[in-house]
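The values are calculated or read from the model by the stated rules, or taken from the named source; none is laboratory data. Since the model is a prediction, treat every value here as computed from it, not as a measurement. Note: ideal-geometry Cβ built from the backbone for every residue, glycine included; neighbour counts use all protein chains shown. In case anyone asks, the SASA skips ligands and DNA or RNA and just uses the protein heavy atoms, side chains included. Shrake-Rupley method; radii C 1.70, N 1.55, O 1.52, S 1.80 Å.
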Amino acid sequence: MTAATRAETGASTGAPERRRGDGRTYAAYHRPWWFRTFISAEFLIIALLVVVWIIATTSVDNFSGPLTVRYLLMDIAPLMMIALPMTLVIITGQIDLSVASTMGLSTVVVGILHVQVGLSIPVAGLLAILVGVLCGVFNGFLVAYVKLPSLAVTIGTLALYRGIAVGLLGTTALTDFDQEWSDLATSSIGESRIPAIMIPVVILIVIFAVLLHFTPFGRGLYDIGHNDQAARFSGVNVARSQMTTFILTGAVSAAAGIFYTLRFGNSRGDNATGLELEVIAAVLLGGVLIFGGRGAIHGVLAGALLIGVLSSALRLEGVTVNVINIIIGLLLVISVLAPTLVAGVQRLTSRRGGSGPGPERSSPASAPPEPSDPATQQEPTQHDSAPNQSTHQESARADSASKPTVTP
Amino acid sequence: GDSGEGDSAEGESGGEALSVTFLPKNLGNPYFETSNAGGEEAVEEFGGSYSEVGPQEATPDGQVEYINTAAQQGEDALVLSANDPSAICGALNEARDVDVAVVTFDSDTDAECRDLFVNQATAEGIASAQVQLVAEQIDEEGQIAILSASANATNQNLWIELMEEEIAADYPDIEIVDTVYGDDDDQRSFDQTAALLQTHSDLDAIVSPTTVGIAAAARYIADSDYAGEVAVTGLGTPNQMREYVEDGTVEAFALWNPEDLGYLSAWAANALASGEIEGNEGDTFEAGRLGEYTVGADGEVVLGEPFVFDSENIGDFDF
Amino acid sequence: MSLSDSTPVLELAGVRKTFGSVTALADGSITVYPGSIHALVGENGAGKSTLIKIVAGLHRRDSGTFRFRGADAAFSSTAEAKNAGIAVIYQEPTLFPDLSVTENIFMGRQPRARGGRIDKQAMQEEAAEIFDRLGVKLDLDRPADGLSIADQQIIEIAKAISLDAHLLIMDEPTAALSGVEVERLFAVARSLRDEGRGIVFISHRFDEIFTLCDTITVMRDGSYVATTPTAQTSNDELVTMMVGREVAELYPKTPAEIGEVVLEVENLRSAGTFADVSFTVRAGEIVGLAGLVGAGRSEIARAVFGVDPYDSGTVKINGAPVPKGQPAAAIRAGMALVPEDRRQQGLVVDASLARNMGAAIRRRLSRFGLITNSMENRAAGPWAGRLEVKTAALSMNAATMSGGNQQKVAIAKWLATEPSLLIIDEPTRGIDVGTKAEVHRLLSQLAGEGMAILMISSELPEVMGMADRILVVGEGRISADLTREEATAEKVMHAATARHEKNRQEAAA
Amino acid sequence: MSAETLTPVARRQGATMRAARSLFASRETAIVLVILVIIAVATTMNQSFLFSAQGWRDLLLTPSILMVVAIGSAVVIITRNVDLSVGSTLAITAYMSGRLFIDLPGIPIFVVVLLGILVGAGLGLINGALVAFGKVPALVVTLGTMYIYRGAVLTWAGSDRINASDMPREFLGLGTMQIASIPLLTIVAVMVLIIAGYWLSSTRSGREMYAIGSDPEAAKLYGLPTTKRVIFAFILGGALAGLAGVMYAARYGTVSASAGLGWEFQAIGAAVIGGVAIFGGSGSVWGAAFGAILLMTINRVLPIVGIPDFWQRAVVGALIIGAIVLDRYLSVRRHRKLQEARDKA
Ligand SMILES: Nc1ncnc2c1ncn2[C@@H]1O[C@H](COP(=O)(O)OP(=O)(O)OP(=O)(O)O)[C@@H](O)[C@H]1O
Ligand SMILES: Nc1ncnc2c1ncn2[C@@H]1O[C@H](COP(=O)(O)OP(=O)(O)OP(=O)(O)O)[C@@H](O)[C@H]1O
Ligand SMILES: [Mg+2]
Ligand SMILES: [Mg+2]
C-alpha cells in the first residue's frame, strides 16, 4: 500500500511546473474506497464482533437458541442508547460520568410519579426525561459556560444525581407498575424475537448517526475535539455545541432509565450503578478517541454489541461476571495501546532497516519544503487507529524515529 | 443468528440428568454458601447436575440476567432467593414459559411468579423467636433497634412487621427506636451499627434478622466500649457468630439450618421438574434424609421451627 | 583569556533536521567563542529556533557536526545539555503556571540542605539576588500564572542566568521587554561575556544586534549564509543576506481602485489589551497593522472578528453593526480572519484538507441541514486549485503538509466564504520565500478584485511593501496612521516604540 | 505587588508573614473550619459525638482508610493523571490479607502489611508503565485495569469471603487499637500524610510532581524525568491503596470481593474537595486528607442532624461541585486583579 501511495503522491508533486493556473484539480481521496472502508478502527471492531459472534454460535451451547437475541438486545439497549450521545460528548473531548446516575434518578422519578403520585406512565416518563434534560443542562452549563473540566464536574454530578435518587427513595423500591406498560417494554416486534425496545433504539441510532456525520453541527463537534480554538475561529459555537451534547446525554439517559424501570418493574435509587463505565468502555472500544476528534457511530454500536455478545456467550458458558470484566478491561487497554505498539514496532523495524528514510532521499536544501513523501512518517499509524494526540507527540515520534546521528 | 431450537428445554427435561441452578440473593454471602451446599448435596443424591450463579450485589436487576440465562440454557429448575417480590416476576414467568421449574426459598416472590416457595419457618415463628431472645436479654425493657438487610427484602420486612406487632402487644416497656438497612454488605452494616449507637445513646439491644448484619453488629460492639452493655441478637450462622458467643458479646441467636433449607429446596425442585408434583396444596414429596413434606397454601413448604444457638450448644454445629 | 586562541564553546556544521516532510534545517552552521556575544539572524522560519533546540537537546539532528567545548556532543535530553553547561531561553516562555516564580527558576535543581530537603531559604535568597542583578521587582512567591509575557520572559532570563552556564542561548528574549528591561538584560549579558561565557543572541531588532553583539551569523531557508564581525557589516547588507534577493521582487503590490468603506471600527476597548481603537478599511485597500510583537494587534483583530470579547466600542461592516463575540455572525456579515497561529487557530491540522476548507461555510453548503463529504470536496477543490495547494488529495490531513501549504489552505478556507473583508494576521510567518511571494501576489490580486484587506505583520518590509495605508499599534493604541507614500521605516518604528522611548528616557533621567 | 525589600532579615519576616497569610487563606484551613463546624453542630445535637470515648474514636477511625487512598490519588492527580483502579486494588490486598492468614497460619502481621503494600505498588506499576510508556491516557488505562483487577479478585475470591474468625485476634486488634486514645489506623494515616506532605512540598522529586502536572511540555523542556516520576506516582497511589486494603481487613474483619467498590470516585472526590485541581499542578495531600475526613464525617453527622444518610452522596456531589466552582471563581478573580494591577502599572 505504501508504494502505491508513494507513486500517487510523487506524481502529483510535479514541483518545477509551478504556474499551471487555476485549472488544477484534485483527487477526492488518496486511498482507494476499500482501504478507507476496511482499514479502520471501526471496521476492526466490527470484524472482531463478527468473529466473536461466529465462535459463540458454533461453540457455545444455547447461544443460537431463540432467546439469546432477545435477551442480548434487551440487556444492552440502555448501553446502546446512552453510548450514542456519549460518543458526541467524547468526540468533543469531554466526558460525562453522570449518565448512570441520571438514569437512576430517572427511574426514581418515574417510580414516584407513577406509583406514589399516580400519574400515567407517558406523563411520568415525559417528566423524567425533563429531569434528565435538567441534569444535562446543569452539567453542560458548568462545562461549556463556566469552563470547568468535565471530568471533575461529572464526578461531582455522578455523586449528586445518584445521591438525590437514593435520597428520594432510600433503599425502598417501587415495584407496582402498570402491567401493560411493563409488558410493552418487554414485548417483541410481532412474531419475531427482536424486542420492541429496538424500534426506538434504531430511531435514535439513525438520528445520532445523521446528526454526527451529516450535519454542520456534527462536523463542528469533531473540530471542537481536535482543537476548540480553531473551531471557534471557524465560527463554531463551541459552548452551545457542548451544552447540546450534554443535554442529549441527559435526555437519552433518562429515556434509558424509563425503559430500565419498566423492564425490571423496579424503581430503585441504585438502579444501573456503574453503567457509566460500561458505556464509556463501549464507546472507546468502538474506536472513539478519548482526546476527542475521532470516532464513528457504527464503531460504537459494534463496541456495545461486542460487550453484549461477549457477556451473553460467556454467561451461557457458565463463566462468571468477573471473567467478563477482565476481558472487557483487557480489550479496552489493548485497543488504546494498539497504536502505540504499532508505532513502536515500526520504529524498531525502521531503525533496524538502517538507511531507510535517510537524508539522501530528501529534496535539496534550497527547494521549498514540499510534501515529498507524506506516507513514510505519519501515514501508517494515522489510518488504523493512531491518535494524533498532539503536535508535540508527533514531533517526538518523528524525532525518535529519525536516524541516530552520524558524524561525517 | 439463531435457529429454531425452541424445544430444547423440553427435550432435556425428558432425559435423565435434571439440571438445577441455584440463584442466591448475592454471591459471597455465607448464609447462601451454606444453603447452596445443602442444595448441591440433594442434587447429587437425585443424580442431577448442579450449578450456582448470582449477582455480586443483592439487586433484582442483577438477578434478572441470571434468570434469563437459565431460561436460555433450558435449565430444568431454578431455585432462588428473591431480591424483590415483584421486580423479577416478568423474567421468572418467561423462564416458566420455557418449562423451567421455579422454586423460591428463603425470600419469596409474589405467589403467581413461582411454582413453590420453601419457607425456612413460618414468619410468625421467626419473628417470635427473635422477640423472645431480645426480651430475655434486656429483661423486657429498654430501647432496641433493628439492623436489617435491604429495605426491600421481602422476608425481613415481614418479620420486622410481625416483631413490631408482637412487641407492641406483649412487651410495653420495649421500644423500637430505629430500623436501619445494611444491605447485606459488611462495611455498610458495620457503619450502620456505629451510626445507630452514636444516634441512640441509650440503646439496649440490636436485633439483626440477617446473617451479615448480626455479624457486623457483633464485630463492631465486641471491640467497642458498648461490649456487655448493648445486646446483639437476631439471625446468624454459628461459624460467623462463634467468636462473639464465646467472648460474651452475643448471648444467643436463632436460625434454622440453612443447609437443610437448600437441601429441601433442591428436592422440591426435583419433584416439580420431574413432574412428580404440580405444586398444588396438598401435594406431597420425598425430600431425602428430611423425609416427606406437604405443600401448603399458596404453594408454600415449611422447613420447621427456628433453632436457638447459645454458648452451650454452638460447639455442636459447623456451618 | 584571549579570544582567538581559545577553543570555540559551540561548533555546528552542516546540521540537518527534518520534521516529516518539512525540512526545518538544511545546513545549520555556527561557531561561538567564549567571551563573545554572537547574533543569529534570519527571517521567520529560517531555522534559528530549530538550530538552538538541537543544541539544547530538545531535538536530535539528522546529520551534521555538533561540538560543545571541543568535544563531540549529542544530547538526547534537555537535562543532558543543561548538565553540560548550556542554558537556553526559548522563544516562547515555558513556565509552570501553578508554581511560584522562585520554583520556576530552580525547578529540578533546587539547592538542597541536609537529607535532601529543599533549602527554601537559600533558594529565595538566590532568586532575590538574581532579580536584584536584573534590577527587576517581582513577587517571588506568586504563581507564574497570569504574569505578563514580559515578566515571563524575565523569569526565563533569570532561570538561564542562575544556571551559571558556559553557553547561554537567548531566542528573541527582548521581543516583549520594555526599554529599561532590555538595557538591564544587556548589562547582564555583557558581564556574562566578560566572565568568558559564550552567548548566542537571536533577535529581529537590528538596533539591538548592533549595540550588543560582536559577531553575526545569518541564516536563510534553513541554511547557513555567512558570518561576519558586527563592525564590518551594515543594516542593508544584513537584509540582503537574510532575504537573498531584491526586496522589491517579494512585494508585487499593484495599485487597486479604492472604493467604499467596508470595515468601520470605533472606539474599541478591551481592558488590559487595547483602548481607543478606531479605523476604517475600504474596498480594494490593503491596510497594514504594524507594531512590536505584543503590542495588541492580534487582539484587536480577534475582537473585531468576535473571537474575543471587548468592553466597548462598535464594529460595522458595510455600515451594518456586527454583534460582538460571535464569529459566526461576523462570517455572515462578510468578514474573514486568517489567524496568526495556523496550527492552533487557523486549521484543524488533524482533519482533512476538505474538512478544513469547508469548515467556515458548512451552513451554506448544507442542503436541508445535511452535509456530505462530496459536498465539501466539490467546494474545496476549486479553491485549493486557485491557491495551488500542493497535496495528493483532498482527503490528506493538513498535518502532513508543509507550513507554506498549510497557510495556503488556511487562506483558501477563508476565501471560500467569499468575504468582503479579509483580516490576515502574519500572512507569511514561517513560510518559505517562494510561497511568501505567492501569498503577496494573491493579496494584491484580491485587493484588485475589490476586497478590503486588513493585514497584520511584524515584518516591516512586508507592511511597507504591501500596504496602501499603515496603522501603527503601540501598547494597545493606534499611534500613527501613515499613507504608503509617507511611511518610512523610521517613522513606523518610532511610532511603535513611542512609549518605550519615553520609558527609556525616564529611566535615564 | 509587594515591594521586595532587600535585607535578608526583612525578607525573612516577610516570608513568615506571607506564610501566615497563606495559611489563613488556604483551602486546607477552610476545610478544617468546615469540619470543625460540622463536629460542633453534631456535638450540640448529641454530646456523645465528641465527648464519649467511642464517639471520639469513631471520629478519628472512620476516615482513616479513605484518607490513605485519597493521599495516593491526590499525588496521581497532581501529575495530571487519574487512577480509577484504586478501589479494585484495595479489594485485592484486603482479600489477600485474609487469604494469607488462612493459607499461611502464623504468618507475621508485618509481612502481611508489607505484602499488601508491595502488591498494591505492583498493580500501580502496571498502570504507571502503561500510561508512561504506552502514551495512553490514564483515564482509559485505569478504567481498563479497574475492570481487570476487580475481575481478578472476583475470580480469586469467587463467592468466598474472609470472616473475622479467619484472621488472628492481634491483627483485628490493630484495627481498633488505640495509643493514647488515638486509634492506630489514624496514626498510620497521619504518618502517611506527614511523609507524603513533606515529600511533596520539600524535596526535588516532590516538587517535580507539581511541575509535571502543571505543564508536561515545560517539564520536558526543563529536562525533568517525567516518565520516571509519573510511574512513581502510580506506584505510590497503588501502594497506598494496597496499605488501605490491609487496614480495611483489620478494621472491618470481613472482606468480600466487592470491598472498596466505588472508592475510586470517593478518593477523587476527596482530593477535588480538598483543592487538588483535576488537571494537576496544584493542591496538596493535606487538602485531600481533609477532604476525606470531611466526606466521612458528614456521612456520620447526617443521621444525627436528622437527615437520612441516604442523602450522603448527594451532599458529597454538591460539595465536589461547590469546590470546583469556588476554585474557578477564585482563579478568575485573581486573574482579574492581576490584570487590573498590570493596567495601572
Ligand atoms: N515540530 C515541527 N514540526 C514541523 N515543522 C516544524 C517544527 N518546528 C519547526 N518547524 C518548521 O521549521 C521551519 C523553521 O522553524 P524555526 O522555528 O526554526 O524558525 P525560526 O528561524 O526560529 O523563525 P522565527 O523567527 O519565526 O522564530 C519552519 O518552517 C517551521 O514551520
Ligand atoms: N498568555 C498571555 N498571558 C498574559 N498576557 C498576554 C498573553 N498573551 C498576550 N498577552 C498580552 O496581550 C497583549 C497583546 O499580545 P500579542 O502578542 O497577542 O500582541 P500582537 O501585537 O498580536 O503581537 P504579535 O506580533 O505576536 O502578533 C500584550 O500586552 C501581551 O503582554
Ligand atoms: Mg524562532
Ligand atoms: Mg499577533
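Give the average, rounded to an integer, of partner chain Cβ atoms located within 10 angstrom of each Cβ in B:61-73. Show your work: numbers first, answer last.
On the way: counts 9, 2, 1, 7, 7, 2, 1, 9, 9, 1, 5, 13, 9.
Partner Cβ neighbours, averaged per residue: 6.
How high is the relative contact order of chain D, in percent, with contacts defined as C-alpha pairs under 8 Å that are six or more residues apart?
Working: 544 pairs, mean separation 108.3, N = 345.
It comes to 31 percent, rounded to a whole number.
Could you state the number of Å between the C-alpha centres of region B:194-227 and region C:289-339?
That distance is 70 Å.
Shielding of A:329-340 by partners, i.e. mean partner chain Cβ atoms within 10 Å per residue?
Mean partner shielding for this stretch: 6.
Between residue C:119 and residue A:330, take the C-beta separation as r, use R0 = 56 Å, and let me know the FRET efficiency to the nearest 0.05. Before the final figure, lay out the partial values.
Values: r = 48 Å, r/R0 = 0.85.
FRET efficiency, residue C:119 to residue A:330: 0.75.
Which aspartates and glutamates, on any chain, are close to residue C:316 with Cα under 19 Å apart, when same-chain ones fewer than 8 places away are left out?
Of all the aspartates and glutamates, those that pass the test against residue C:316 - Cα under 19 Å, at least 8 places apart if same chain - are C:260, C:264, C:266, C:276, C:285, C:299, C:308, C:418.
What's the local net charge at residue D:120, with K and R +1, D and E -1, over the other residues with C-beta under 14 Å away? Don't skip to the answer; put the middle values down first.
On the way: positive: none; negative: D:83, D:264.
Here the charged neighbours net out to -2.
What's the FRET efficiency of residue D:52 with residue B:49 using the Cβ-Cβ distance as r and R₀ = 60 Å, to the nearest 0.05?
0.60
Which angle from 0 to 90°, rounded to the nearest 10, does the C-alpha axis of helix B:186-199 make with the longest principal axis of chain B?
30 degrees
Suppose accessible area is computed on protein heavy atoms with a 1.4 Å probe; arrange A:61, C:171, C:119 from highest to lowest. Don't skip to the end; give the middle numbers.
Numbers: A:61 110, C:171 5, C:119 45 Å².
Output order, biggest surface exposure first: A:61, C:119, C:171.
Of A:32, C:427, D:174, which is farthest towards the positive pole of the protein assembly as shown's charge dipole, taken about the Cα centre with +1 and -1 on the beta-carbons of Lys, Arg and Asp, Glu respectively?
C:427
Within the protein assembly as shown, which cysteines find no other Cys whose Cβ is under 4.7 angstrom from their own?
A:135, C:213
Leaving out ligands and nucleic acids, and using a 1.4 Å probe, what accessible area per residue does the protein assembly as shown come to in Å²? The partial results should precede the final answer.
Numbers: 57350 Å² over 1581 residues.
For the protein assembly as shown, the per-residue accessible area is 36 Å².
Just to confirm a number: summing +1 for Lys and Arg and -1 for Asp and Glu over residues other than residue A:267 whose beta-carbon lies under 15 angstrom from that of residue A:267, what do you get?
Here the charged neighbours net out to -2.
Would you mind getting me the FRET efficiency between residue B:175 and residue B:307? Use the beta-carbon distance for r and R0 = 25 Å, nearest 0.05. Working shown, then result.
On the way: r = 28 Å, r/R0 = 1.12.
Calculated value: 0.35.
Roughly how many Å² of residue A:151 are accessible to a 1.4 Å probe, to the nearest 10?
Accessible surface of residue A:151 is approximately 20 Å².
In nanometres, what is the gap between the two model label sites at residue C:490 and residue D:191, each 7 Å from Cα along Cα-to-Cβ?
7.8 nm
A 29 angstrom limit on the alpha carbon distance is what I want to check against. Which of C:159/D:228; C:120/D:135; C:253/C:408; C:48/C:82; C:253/C:491; C:48/C:390 exceed it? Numbers along the way, then the final one.
Details: C:159/D:228 24 Å; C:120/D:135 34 Å; C:253/C:408 19 Å; C:48/C:82 19 Å; C:253/C:491 21 Å; C:48/C:390 26 Å.
Check vs 29 Å cut-off fails for C:120/D:135.
Determine the distance separating the Cα centre of region D:90-119 from the Cα centre of region A:149-201; give it in Å without decimals.
Each part reduced to its Cα centre gives a spacing of 41 Å.
At q = 0.15, 0.20 Å⁻¹, what base-10 log of I(q)/I(0) does the Debye formula yield for region C:349-417 when every alpha carbon is treated as an equal point scatterer in vacuo?
-0.40, -0.70
Determine the total buried accessible area between chain A and chain C, counting protein heavy atoms only with a 1.4 Å probe; round to the nearest 100 Å². Mind dumping the intermediate values first?
On the way: alone 21300 and 22630 Å², together 38390 Å².
Roughly 5500 Å².
Count, for each residue of A:287-294, the Cβ atoms from other chains sitting within 10 Å of its Cβ, then give me the mean as a whole number. Please list the in-between numbers first.
Values: counts 0, 0, 3, 6, 3, 0, 3, 2.
Taking all residues of A:287-294 together, the mean is 2.
Let me check against my output: what whole-number percent is the relative contact order of region C:349-417, with C-alpha pairs under 8 Å and at least 6 apart? Could you put the intermediate results ahead of the total?
On the way: 82 pairs, mean separation 34.9, N = 69.
The normalised contact order for region C:349-417 reaches 51 percent.
In region D:168-187, what residues drop by 30 Å² or more in accessible surface going from the chain by itself to the full protein assembly, probe 1.4 Å?
D:169, D:176
Residue by residue, what Karplus-based ³J(HN,Hα) values in Hz, rounded to whole numbers, does region C:440-457 have, using 6.51, -1.76 and 1.60 with θ = phi - 60° and x for Gly and Pro?
For region C:440-457, the Karplus curve yields 5, 4, 4, 4, 4, 4, 4, 4, x, 7, x, 7, 8, 10, 10, 10, 9, 8 Hz.
For residue C:7 paired with residue C:364, estimate the spin-label separation in nm (one decimal), with each label point 7 Å from Cα along the Cα-to-Cβ line.
About 6.4 nm, to one decimal.
Got a number for the accessible area of residue B:45? Probe 1.4 Å, square angstrom, nearest 10.
Near enough 90 Å² of accessible area.
Under a 1.4 angstrom probe, counting protein chains only, how are A:101, A:40 ranked by accessible area, largest first?
Numbers: A:101 0, A:40 20 Å².
Accessible-area ranking of A:101, A:40, largest first: A:40, A:101.
How much length is gained if the chain between residue C:84 and residue C:183 is pulled fully straight, taking 0.36 nm per residue apart and subtracting their Cα-Cα distance, in nm to one decimal? Don't skip to the answer; put the middle values down first.
Numbers: separation 99, 0.36 × 99 = 35.64 nm, distance 2.88 nm.
Contour length minus the Cα-Cα distance gives 32.8 nm.
Between the helical axis of C:120-134 and the dominant principal axis of chain C, each derived from Cα atoms, what acute angle in degrees is found, rounded to the nearest 10?
On a 0 to 90 degree scale, this one is about 70.
Starting from the Cα of residue A:137, step 7 Å along the direction of its Cβ; do the same at residue A:187; then give the gap between the two resulting points in nm.
Output for this residue pair reads 3.4 nm.
For chains B and D, what's the summed buried accessible area, probe 1.4 Å, to the nearest 100 square angstrom?
Details: alone 13350 and 17610 Å², together 28340 Å².
Its buried surface, counting both partners, is about 2600 Å².
Got a sec? Which residues of region D:307-323 lose 20 Å² or more of accessible surface with every protein chain in place, vs. that chain alone, 1.4 Å probe?
D:309, D:310, D:311, D:313, D:314, D:317, D:320, D:321
Would you kindly state how much longer the chain becomes between residue D:110 and residue D:169 on full extension, computed as 0.36 nm times their sequence separation minus their alpha carbon distance, in nm to one decimal?
Result for the pair: 19.8 nm of gain on full extension.
Could you please report the charge total around residue C:359, scoring K, R as +1 and D, E as -1 over all other residues with beta-carbon less than 10 angstrom from its beta-carbon?
Values: positive: A:219, C:355, C:362, C:413; negative: A:223, C:376.
Residues near residue C:359 contribute +2 overall.
Could you rank D:73, C:278 by how accessible they are, 1.4 Å probe, largest area first?
C:278, D:73
For Cα pairs less than 8 Å apart in space and 6+ apart in sequence, what is the mean separation divided by the residue count of region A:56-149, i.e. the relative contact order in percent? Provide the component values of the computation, followed by the final result.
Values: 32 pairs, mean separation 14.5, N = 94.
It comes to 15 percent, rounded to a whole number.
With a ≥ b ≥ c taken as the square roots of the eigenvalues of the C-alpha gyration tensor of region C:193-285, please select rounded if a/c is under 1.5 and otherwise prolate if a/b is larger than b/c or oblate if it is not?
On the way: a/c = 3.93, a/b = 1.72, b/c = 2.28.
Note, shape of region C:193-285 comes out oblate.
Round to the nearest 10 and report in Å² the accessible area of residue D:140, as given by a 1.4 Å probe over the protein chains' heavy atoms.
0 Å²
How far, in degrees from 0 to 90, does helix D:312-344 lean away from the longest principal axis of the Cα atoms of chain D, to the nearest 10?
The angle comes out at about 20 degrees.
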